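See below for the structure under consideration.
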Amino acid sequence: MARSSSVIVVGGGIVGLAVAARLAQPRPGAGSGCEVIVLEKEPTWAAHQTGRNSGVIHSGLYYRPGSRKASMCQAASASMLAFAREHGVPAQRCGKLVVAVTQPEVERLRALQQRAEANQVPVRWLEPSEIKEFEPKVAAIAALRVESTGITDYRAICTALAEQLADHGADLRLSTRVTAIRADGQGVTAETTGPAVRADALVNCAGLHSDRVAASGGQRPGVRIIPFRGEYYELRPERRDLVRGLIYPVPDPRLPFLGVHLTRMVDGSVHAGPNAVLALRREGYRWLDLSVRDTCQTLAYPGFWRLAKTYLATGVSEVARSLSKQRFAAALARLVPGITADDLVPCAAGVRAQALTPAGALVDDFLIQTGPRQVHVLNAPSPAATSALEIAAEVAGRVTAGLRATNG
Ligand SMILES: Cc1cc2nc3c(=O)[nH]c(=O)nc-3n(C[C@H](O)[C@H](O)[C@H](O)COP(=O)(O)OP(=O)(O)OC[C@H]3O[C@@H](n4cnc5c(N)ncnc54)[C@H](O)[C@@H]3O)c2cc1C
């Protein structure tokens, strides 16, 4: 693609910055990269999902074989670690345990082992005595050891991506919200809270607002973003020795989230969570954060009521756990019996952007939609931080193909 191609990227989370970096990168045999303009509404990069997650570099064992999540994450667990190391961002391949504490969980752990094999993620089955070698405080009847799981600091990854973009001459604009998009035969214009911006194409990586940004560009996203808050506690520093690495429960295959787990972060702290409760605002990090517009849009969406019917019991129990530290501690004590409510101090929550169909189905895979001069990333839940470089490659490919087709 010639240097004259220009692309607007909406959103300065890890997906937007990775897409922008991929587009701006000079490519061997194809000359210099695109002119890239990144528009981020917050005054800092990674202010939402990316800067408020568990920091795990996932290995790819959970996902439906053949899905984008499965294929991208398998490559991503290596590429994200390599990117972190190359740019001096803290990262470790620390491995994790998925632990079963009841007989039905052992059956599900067997199914997970088969899925890991289908996804070519090496895992090792552990008996109780072997579990103690990795996590002495865990009491479980079986576990899977996943060596390829790692941890990093995704905010620092975003800083490195922004530096790379600056080196390639990208136009990086913080505190700039995109309010509308207009595409025509010659290009695309983003109206913003600052001056309007014109380019050949636009990529929407607006996370919790991606459906609205797509709709403002005349697209029919076909899904609505439902915000699910994930709340965390942290283990008191003097109790961190209860956990060496990452300890996960066996996920319930009927549910979209992995269940509260214990994660040793790159700074040595141990985070516990996240749970999953409906947020009353798209960026609602506390129960008191309420947006009438956001809540009404959720409640007016037919898919929400279909979802609520399916997951009513789970939703009620998640709310009860959100309101009771004792219940939160009890969920963690299933994994590490020594943990009590006194060991936990609250820490910052995150909100997941989860796409929901009108039929009430949570979109499981990454969802990317292409329109005239536009590419919209409409569902990028976990493991999208891990997979950001692979998502970027796919999105950049679509932008390039779209521009080639438009320019004849
Ligand atoms: C609690 C939690 C734990 C998680 N744990 C993990 C994990 O351990 N590992 C993993 O791989 N993934 C994890 N994830 C998922 C991961 O964080 C996300 O998949 C990833 O961060 C998505 O990145 P993004 O760039 O799409 O979204 P975001 O990081 O939310 O970025 C979107 C950006 O768009 C900006 N924006 C929105 N609207 C506009 C507008 N109109 N104009 C300009 N800018 C706009 C926002 O301000 C925001 O900065 C977790 C997520 C959560 C919430």
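Values in this text are rule-based calculations from the coordinates and carry no lab data. Note that the structure is predicted; figures quoted are calculated from it, not measured. No Cβ is skipped: glycine too gets one built from the backbone with ideal geometry, and neighbour counts run over all protein chains shown.
Numbers for the structure displayed
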read-out	value
Rounded, prolate or oblate (a/c below 1.5 giving rounded, otherwise prolate when a/b exceeds b/c) for segment 228-363 by Cα gyration tensor	prolate
Net charge over other residues, Cβ less than 13 angstrom from the Cβ of Glu318 (K, R count +1; D, E count -1)	+2
Label-zone membership for segment 77-110, site Ala393, 7 angstrom Cα→C-beta point, backbone N under 11 Å	77-80
Protection-proxy order for peptides 146-155, 185-194, each taking the mean of Cβ atoms within 10 Å per residue, highest first	146-155, 185-194
Residue list for segment 86-101, given a label point 7 angstrom along the Cα-to-Cβ vector of Lys132 and an amide N cut-off under 20 Å	97-101
Estimated 222 nm signal from helices in the chain, with DSSP H stretches of n ≥ 4 weighted -39500 (n - 2.57), rounded to 500	-10000 deg cm²/dmol
The chain: antiparallel DSSP beta bridges as a percent of all, rounded to 5	70 percent
Sites Arg306 and Ser32 - FRET efficiency at Förster radius 41 Å, r taken between beta-carbons, to 0.05	0.25
Contour minus Cα-Cα distance for Glu107 and Thr179 (0.36 nm per residue)	20.9 nm
Arg198-Arg64 FRET efficiency (beta carbon distance; Förster radius 35 Å; 0.05 resolution)	0.30
Prolate/oblate/rounded call for segment 10-56, Cα gyration tensor, a/c under 1.5 rounded	oblate
Cα gyration tensor category, rounded, prolate or oblate, for segment 96-147 with a/c compared to 1.5	oblate
Simple label model, 7 Å out from Cα along Cβ direction - Ser317 to Glu147, nm	3.5 nm
Between segment 172-250 and segment 23-48, the alpha-carbon center distance in angstrom	15 Å
Choice from Arg27, Arg327, Arg398 with maximal GNM fluctuation in the chain (Cα, 10 Å cutoff)	Arg27
Compactness of the chain - radius of gyration and Dmax, Cα, Å	21.3, 66
